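In what follows, a single structure is set out as structure tokens and then discussed.
Just so you know, all these numbers are worked out from the coordinates, no wet-lab data involved. These numbers were taken from a predicted model, which means no experiment stands behind them. FYI the Cβ positions are ideal-geometry reconstructions off the backbone, even for glycines, and counts take in every protein chain you see.
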């Protein structure tokens, strides 16, 4: 599937670069806090030896995952040039980074996950993006997104048509052959921006 106009105009351009720069400013503090969640997550799926993050940005989650377990093969997918180059620089051999987007990549892993990525995919393209994530997963899918009981568009940094929140867990279960293993909530105390997470296993 071809990348969407929304993806090209926003996340692969200057807006995506500025987002990465903001994340780098809090990288060390947030990254250290995130270690706790990722250590717990790794214990939930002991048979997962490969992880793939869709939209890894500067690689903050992948660094924490490496801290959680050096036995896991980690890969990040990133569409923005600046974020991709930053992630490569940050990786230092701890993880692999590939250039691409959710509609155009060639990789798979035991666990495939997103962290505040689905919220930025246009509603008309969301299911197609999730289909690519589902196909890339050998066993597990982890979604970490902004929850809202109903579909809701949010203005983000003065822009419209860029952020939508909803019950992503219910959306996954309704449209894909998955069973839910665990769910939870993470905020600034955990190094995350108020995300709800759902861990699924493929049936």
Can you pull the percent of Cα pairs in the range 5-202 with separation above 23 Å?
38 percent
At 4 °C and a viscosity of 1.567 mPa s, what translational diffusion coefficient does Stokes-Einstein give for the range 66-138, taking Rh as the Kirkwood radius over Cα pairs? Give it in µm²/s as a whole number.
97 µm²/s
Compute the length gained on full extension between residue 150 and residue 36: take 0.36 nm times their separation in residues and subtract their Cα-Cα distance, giving the result in nm to one decimal.
38.0 nm
What ranking, highest mean first, results for peptides 195-203, 174-182 when packing means the other Cβ atoms within 10 Å averaged over each residue?
195-203, 174-182
Length gained when the stretch residue 50-residue 161 is fully extended (0.36 nm per residue, less Cα-Cα span)
36.6 nm
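If we sort 184-191, 162-169 on the protection proxy, mean other Cβ atoms within 10 Å, highest first, what's the order?
Numbers: 184-191: 14.0, 162-169: 19.5.
Order by mean packing, descending: 162-169, 184-191.
So what is the relative contact order for the range 106-203, in percent, with contacts set as C-alpha pairs under 8 Å and at least six apart?
Numbers: 181 pairs, mean separation 27.5, N = 98.
Once normalised by length, the contact order is 28 percent.
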Taking all pairs of distinct Cα atoms, average 1/r, flip it, and tell me the Kirkwood hydrodynamic radius of the range 56-100 in Å to one decimal place.
10.1 Å
Packing-based ranking, highest mean first, of 97-110, 50-63 given that Cβ atoms within 10 Å are counted:
50-63, 97-110
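Dividing the Cα radius of gyration by the Kirkwood radius, what Rg/Rh value follows for the range 85-203? Walk me through the intermediate numbers first.
Values: Rg = 14.8 Å, Rh = 15.3 Å.
My calculation of the ratio gives 0.96.
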